[in-house]
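Accompanying notes for the structure given below.
The values are calculated or read from the model by the stated rules, or taken from the named source; none is laboratory data. The shown structure was predicted, so the numbers you read here are calculated from the model rather than taken from an experiment. Here the Cβ is made from the backbone with ideal geometry for all residues, glycine too, and neighbour counts use every protein chain on show. The accessibility values were calculated without ligands, DNA or RNA, using every heavy atom of the protein model including side chains. Shrake-Rupley method; radii C 1.70, N 1.55, O 1.52, S 1.80 Å.
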Amino acid sequence: SGKIEDVEEYLKQRAINRVQNRLQQLKTRYGKQLKKRIERLNSELMNLPSKSRLEKEVETYSTYGSIVLANLHKIKPYDKLLEAFDFEGNKIKIDLPSLPNPKRIGEYFYNLSRRAGNKLKNLHIEEENLKSRIKFNECMLSNLESAQSEAQIALLFPPKQQHKIKVQKDQCEVFWIDRYKILVGRNERENIWVLKNARANDLWLHLKDRPSSHCIIQSSDRKQIAKSVIEKAARICVETSVTQPGDYLVDITYRRNVKIERGAHVTYTNYNTIKVRKE
């Protein structure tokens, strides 16, 4: 009898170890993906041009365009350098693009000035977008590392074969639950996109009385979305919004009941609330 119990204990422990090893393998695999993504986003953030650099480019390229137009009579087709004077009487050398028509060189520099101006105008938007995406992925990484089961990980990282439909790049994060497509905004811009692109009969989810991702369960014109799908989507809403354990309330209603007030700030009616416990 003692030997049988020993064998059963051994097999039990072996099964536990197998589950723990599998869990650790999944954490390692998906952790590498998230860390690589965070590293790439941080690199993009660090490599954003500075405001002063863009301001200088706007002024410099605009000045080059004006000087080129004032010296068109000196420029021959395919010239690579213009030696002239700026508008303060100082000698200046301007590297020219190799173009057959010198008249287009001024336009070339004005276009560079406009591009730098557009980058300058949108610099704070791009910076905020990258920071919010970094925060989103750091939240995912934290929840991955604290996951206690394969089911928790599978919710955040569904099998690749389920990704049959792709959304436009960087519009939002996409999850799949039992063939239902779940859209999750990673920042205010994506939350706005999610809200505006949802249909009236899609389900909308959001943490109650606190900032969170806006989540949409696309209805696909089906009669009723299963309770299990809604519960899993609510957990995704929690897992992509907070890292601290505890009980969280998630409000759920049809998209037609959600009114956009300003940006991603909304008011909504006719909603239900479910509790999600985050371990």
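Values for this structure:
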| quantity | calculated |
| --- | --- |
| Hey, THR28 of a type in the set (S, T, N, Q), at pLDDT 90 or above and over 24 Å from ILE134 (Cα atoms) or not | no |
| Residue under evaluation GLU83, criteria (1) open to solvent by less than 70 Å² (accessible area, probe 1.4 Å); (2) outside any helix (DSSP H, G or I), criterion not met | (1) |
| Pair list, Cβ under 6 Å, 6 or more apart: segment 87-104 residue surrounded by 10 or more Cβ atoms within 10 Å (Cβ to Cβ), other residue part of a loop (DSSP other than H, G, I, E, B) | ILE92/ASP86; LEU96/ASP79; LEU96/LYS80; PRO102/ILE75 |
| Strands (runs of 3 or more DSSP E) enclosed by segment 178-254 - at least 2 residues per element that are open to solvent by 10 Å² or more (accessible area, probe 1.4 Å) and of a type outside the set (A, V, I, L, M) | 180-184, 246-254 |
| Condition met for GLU55 (open to solvent by 80 Å² or more (accessible area, probe 1.4 Å) and not in a loop (DSSP other than H, G, I, E, B)) | yes |
